[in-house]
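Everything below concerns the one structure shown next.
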Amino acid sequence: MSTRWDPEQYARFASHRDRPFHDLVARVGAQDPGLVVDLGCGNGPLTVSLARRWPGARVVGVDHSPQMLAAARELDTDGLVEWVEADVATWDPAALGAAPDVVVTNATLQWVPGHEDLLPRWVEGLAPGGWFAMQVPGNLDAPSHALMREVAAAHGLAERLGPALGRIRVASPAEYVERLGVLGVDVDGWETTYQHVLDPQGEQDNPVLEWVRGTGLRPVLEALQDEGERTAFLEEYDARLRAAYPRGPVGVVFPFRRIFAVAHRR
Ligand SMILES: C[S@@+](CC[C@H](N)C(=O)[O-])C[C@H]1O[C@@H](n2cnc3c(N)ncnc32)[C@H](O)[C@@H]1O
């Protein structure tokens with residue numbers, strides 16, 4: 001099931017959100033790939049950056065959000081990327097008519113239930129010498145997410161919000177490394193906790209709330225149809241977030257763990 005994305009809200013923290021993507025693709029050693037695919041390309045700037053890195057490549061961005069793809073098409077004024085609207089869980093790279101040399105998927109697979117079982121399809125579909133690079137957030141136990149669950153429970157909403165709160169799922173770094181490694185590829189796996197300094201200028205009321213509004217909080221707010229319920233939820237979540245992520249001398253420090261794996265087909 002797709003939820004509605006807001007490209008503008010998502011882009012508010014672009015400089016912070018972009019960093020893991022660049023750290024990920026820095027480990028992809030492809031020199032002159034013919035076909036590059038970005039699964040869950042979002043609003044497009046990072047996919048366009050792949051086209052600029054490999055100007056000779058056909059670059060395809062796949063996403064199921066019409067809002068994100070509309071923003072991507074608008075941004076791609078030079079027509080560097082082919083934008084495809086599809087669910088990555090069912091979309092078959094074979095539809096492209098050639099085996100990809102590079103498949104990148106950044107900050108997307110956490111939204112795709114059972115994505116671990118899809119890894120063989122993407123890796124085995126690579127051209128010889130091809131690369132598969134993935135990054136998912138590893139912060140489901142961080143206060144930003146744990147507090148959503150706590151506030152839902154405190155408001156008697158745990159059951160109704162259960163599906164929305166449980167949507168995001170990731171495996172451990174070791175599991176990704178093992179699942180990829182058994183496919184006969186060389187795997188490079190790691191994790192990093194970024195210390196994002198949000199809103200150093202002090203212009204935002206609660207920058208962590210603004211951050212999660214662009215991603216993990218969306219399905220929860222969508223599930224709360226009633227305006228009163230939504231306001232009550234947000235007020236308490238806001239207050240608890242402020243306590244968990246207080247403003248300090250440099251801004252609001254928002255630690256964010258991310259999990260990376262890059263597989264290279266021999
Ligand atoms: C957090 S954004 C990441 C976008 C981009 N990769 C980036 O790093 O900025 C997640 C994206 O995954 C897309 N997405 C989530 N589940 C998807 C699915 N099953 N099929 C296709 N796209 C999906 C969303 O529409 C959204 O654009």
Looking at 265, 218, which is the one that is surrounded by 17 or more Cβ atoms within 10 Å (Cβ to Cβ), more than 19 Å from the chain's Cα centre (by Cα), of a type in the set (D, E, K, R) and closer than 30 Å to residue 122 by Cβ?
265
Is it the case that the range 20-40 has a residue that's more than 11 Å from the ligand (Cβ to nearest atom), in contact with a Gly (Cβ under 7 Å, 6 or more places away or on another chain) and over 21 Å from residue 168 (Cβ atoms)?
yes
Whichever residue in the range 93-114 is more than 18 Å from residue 34 (Cα to Cα) and out of contact with any His (no Cβ under 9 Å at 6 or more places or on another chain) and, among such residues, is farthest from the ligand (Cβ to nearest atom)
114
Residue among 74, 85 that is surrounded by fewer than 20 Cβ atoms within 10 Å (Cβ to Cβ), within 20 Å of residue 121 (Cβ to Cβ) and either more than 8 Å from the ligand (Cβ to nearest atom) or among the small types (Gly, Ala, Ser) (or both)
85
Filter the range 1-11 for residues that are of a type outside the set (Val, Ile, Thr) and either within 12 Å of the ligand (Cβ to nearest atom) or in a strand (DSSP E or B) (or both) and give the result.
1, 2, 4, 5, 6, 7, 9, 10, 11
Is one or more of the residues making up the range 41-48 outside any loop (DSSP other than H, G, I, E, B), surrounded by fewer than 20 Cβ atoms within 10 Å (Cβ to Cβ) and near the ligand (Cβ under 10 Å from one of its atoms)?
yes
Using the structure shown, decide if residue 78 is outside any strand (DSSP E or B), without any contact (Cβ under 8 Å) to a residue 24 or more places away in the chain and among the charged types (D, E, K, R).
yes
Tell me which helices (runs of 4 or more DSSP H) are completely within the range 132-188 and hold 2 or more residues being touching a residue at least 60 places away in the same chain (Cβ under 8 Å) and over 30 Å from residue 29 (Cβ atoms), or say none if there are none.
143-154, 158-165
Residues of the range 49-65 being within 12 Å of the ligand (Cβ to nearest atom), under 16 Å from residue 24 (Cβ atoms) and either without any contact (Cβ under 8 Å) to a residue 40 or more places away in the chain or not in a helix (DSSP H, G or I) (or both), in sequence order, are 49, 61
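Bear in mind these aren't lab numbers, they're just calculated from the coordinates by the rules spelled out. Treat the numbers as computed from the prediction; the structure is a model and nothing was measured. Because the Cβ atoms are built from the backbone with ideal geometry, glycine has one as well, and the counts that use them run over all protein chains shown.
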